[in-house]
Amino acid sequence: MRAAPRTTALLAGLAAIVSLAGHAGPAATWLPWLRRAWFPSLAGIGRPGHVALTFDDGPDPASTPLFLDALDALGVRATFFVLGESACRHPRLTRQIRDRGHEVAVHGWTHDRPWVPGVRHDMRDVRRAAAAVSDLTGAAPRWYRPPYGILTGGRRVAAARAGLKPVLWSAWGQDWTAGATAASVHATIARDLAAGGTVLLHDTDRSARGRWQAALGALPALIGDCQASGWTVGPLEEHWS
Ligand SMILES: [Zn+2]
């Protein structure tokens, strides 16, 4: 028996709604307060006494080496969520991040927005980036942070298939904004910084030029705050152990 055209259209509409809900529903975890309250592991809430320091969007030969130098000077290690495309364009720098004691994790192959569901695309993107990190650093990545922090259903599946755990953040510096300064980045992080938190900064620019200097300049005060509170600062690989 064939379904009436109206019934068929209704079912197609429902299927589309369910598909979009599966795609966009998990992305609601982008909301920081919701994430911290309901998904503490996804928000990067780890053991008390430790703060995870993370950088997104690199590697960039114009700025990443300066972050490595600054972290050396401060005696701090961190996790760098790299783009596969950039990592392959700068293989020596990617290896250098690892060789200098930091952790390299996956931010995707390219920095795109997931406007429409595309599980196959997501799986290819994440798998390709994870393979690049493994090949370049000799260490299998453990973490995945989706571009823009938008964790769709497809990206969640892609991370699981690649053996990666999604981790967003609990405090950020809004260092990408045009008016960002070292002082503003430090003050913005301080609002949400707490024991066991994960801090998001960027070691390169995607929007306003030179904003990475604001993130770089904020590092000494940020590390100083953590140390004054008795918290150790380190990479995600030490955040739950
Ligand atoms: Zn990013």
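The values are calculated or read from the model by the stated rules, or taken from the named source; none is laboratory data. No experiment lies behind these values; they were computed from the predicted model shown. As a convention, Cβ positions derive from the backbone with ideal geometry for all residues, glycine included, and neighbour counts pool all protein chains shown. In case anyone asks, the SASA skips ligands and DNA or RNA and just uses the protein heavy atoms, side chains included. Shrake-Rupley method; radii C 1.70, N 1.55, O 1.52, S 1.80 Å.
Counting only residues 5 or more places away or on other chains, whose amide H sits under 5 Å from the amide H of Gly58 once H atoms are built in the peptide plane?
Amide H neighbours of Gly58: Leu83, Asp203.
At a 1.4 Å probe radius, which order do Ile189, Ile150 fall into by accessible area, largest first?
Ile150, Ile189
What is the extension gain from His121 to Arg47, computed as 0.36 nm multiplied by their sequence separation minus the C-alpha to C-alpha distance, in nm to one decimal?
Here the answer is 23.2 nm.
Under a 10 Å cutoff between Cα atoms, tell me which one of Ser207, Ser134, Ser170 has the largest fluctuation in the Gaussian network model of the chain.
Checking each option, the largest mean-square fluctuation is seen for Ser207.
Using a 1.4 Å probe over the heavy atoms of the protein chains, calculate the carbon and sulfur portion of the accessible area of the chain as a whole percent.
59
Which stretch or stretches of the range 43-60 have amide N atoms under 20 Å from the point lying 7 Å from Ala195's Cα along the Cα→Cβ direction?
43-53
Choose one of Trp172, Met123, Gly46: the residue whose Cα lies farthest towards the positive end of the charge dipole of the chain (beta-carbon charges +1 Lys, Arg; -1 Asp, Glu; about the Cα centre).
Met123
Which shape class, rounded, prolate or oblate, goes with the range 195-241 when its Cα gyration tensor gives a ≥ b ≥ c as root eigenvalues, a/c under 1.5 marks rounded, and past that a/b bigger than b/c marks prolate?
oblate
Counting only heavy atoms of protein chains, what accessible area per residue, in Å², does the range 136-241 have with a probe of 1.4 Å?
On a per-residue basis, 39 Å².
Connecting C-alpha atoms closer than 10 Å in a GNM of the chain, tell me which of Asp135, Asp56, Asp122 has the biggest fluctuation.
Of Asp135, Asp56, Asp122, the Gaussian network model singles out Asp135 as fluctuating most.
DSSP H helices in the chain with Cα extent of 18 Å or more along the helix axis and mean Kyte-Doolittle hydropathy at least 0.5?
Going by DSSP H runs, the hits are 5-24, 212-228.
PRE reach from Asp112 (point 7 Å along Cα→Cβ): which of the range 133-155 fall under 11 Å by backbone N?
No residue passes the distance filter.
State, to one decimal in nm, how far the label point of Arg100 lies from the label point of Asp225, with both points 7 Å from Cα in the Cβ direction.
The two pseudo-label positions are separated by 2.3 nm.
Let me have the relative contact order for the chain, percent, based on Cα pairs under 8 Å that are six or more residues apart.
Value for the chain: 28 percent.
Could you tell me the extents of the range 132-186's C-alpha atoms along the three principal axes, largest first, rounded to whole Å?
In descending order, the Cα extents are 39, 29, 18 Å.
For the range 162-241, what is the relative contact order in percent, using Cα pairs closer than 8 Å and at least 6 residues apart in sequence?
31
Report, largest value first, the span of the C-alpha coordinates of the chain along each principal axis, in whole Å.
74, 37, 36
Using the Cα gyration tensor of the range 148-241, with a ≥ b ≥ c the square roots of its eigenvalues, what is the shape: rounded (a/c below 1.5), prolate (a/b larger than b/c) or oblate (neither)?
The shape class here is oblate.
Using modelled amide H (1.01 Å from N, peptide plane; none on Pro or chain starts), what sits under 5 Å from the amide H of Gly46, excluding residues fewer than 5 places away?
Residues meeting the amide H criterion: Gly197.
For Val233, list long-range residues whose amide hydrogen, built 1.01 Å from N in the peptide plane, is under 5 Å from its own amide hydrogen.
Val51
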